[in-house]
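Every number in this text was worked out from the coordinates using simple rules, so none of it is lab data. Treat the numbers as computed from the prediction; the structure is a model and nothing was measured. Positions of Cβ are backbone-derived with ideal geometry, glycine not excepted, and every protein chain shown enters the neighbour counts.
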Amino acid sequence: MAYLSRKFGMYGNDEETTANEQLMAQVADFNMPQTRLCYTTDSVEAYDSLFASDVATHCGKFTSWLELRGRKFLVRDEPMAADFCLFECLDKHELISQHVRGKSFLEQHPRLHKYVGPRAVILRICV
């Protein structure tokens with residue numbers, strides 16, 4: 001992801017690069033509990049626990065970041081590598097939530113729901 005974003009000018013300048021890298025690492029942390037859970041259990045209770053703790057915590061972090069920065073995307077008004085990583089992460093969590101829990105988890109996080117917004121349709125087409 002980093003290679004492609006550098007190649008196509010989506011990695012940013014020095015300050016943007018630092019923020020982009022920090023956010024990509026945060027998204028990796030966001031993905032970790034979900035990945036671990038997918039490979040270890042199919043318990044609905046385990047998924048409910050995941051959404052109540054880890055997902056809620058990480059969604060809070062990204063919501064705060066978006067509100068603090070006031071940008072259309074995470075770092076600037078055009079998407080960067082971290083945005084694509086977060087779109088994918090949120091999309092996976094949304095698919096799991098709808099499949100296991102029968103409801104959207106993004107509806108509980110209005111700022112992230114708005115952030116994903118119409119891009120959710122694009123993500124579905126690309127997958």
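Overview of values
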{"read-out": "Candidates CYS38, CYS85, CYS59: whichever shows maximal mean-square fluctuation once the chain is modelled as a Gaussian network with Cα springs under 10 Å", "value": "CYS38"}
{"read-out": "Approximate spin-label separation LYS92-GLU45, in nm, with each point projected 7 Å along Cα-to-Cβ", "value": "2.5 nm"}
{"read-out": "Counting all C-alpha pairs of the stretch 45-118, share separated by more than 13 Å (%)", "value": "66 percent"}
{"read-out": "Helix 56-69 axis, angle to the chain major axis (alpha carbon atoms, nearest 10°)", "value": "30 degrees"}
{"read-out": "DSSP-assigned coil residues among chymotrypsin sites (Phe, Trp or Tyr not before Pro) in the stretch 1-91, each with at most 13 further Cβ atoms within 10 Å", "value": "PHE8"}
{"read-out": "Folded to 0 to 90 degrees: helix 14-40 orientation relative to the chain principal axis, Cα", "value": "20 degrees"}
{"read-out": "Where the Cα pairs of the chain fall when distances are cut into 10 Å bins, in %", "value": "12, 44, 33, 10, 1"}
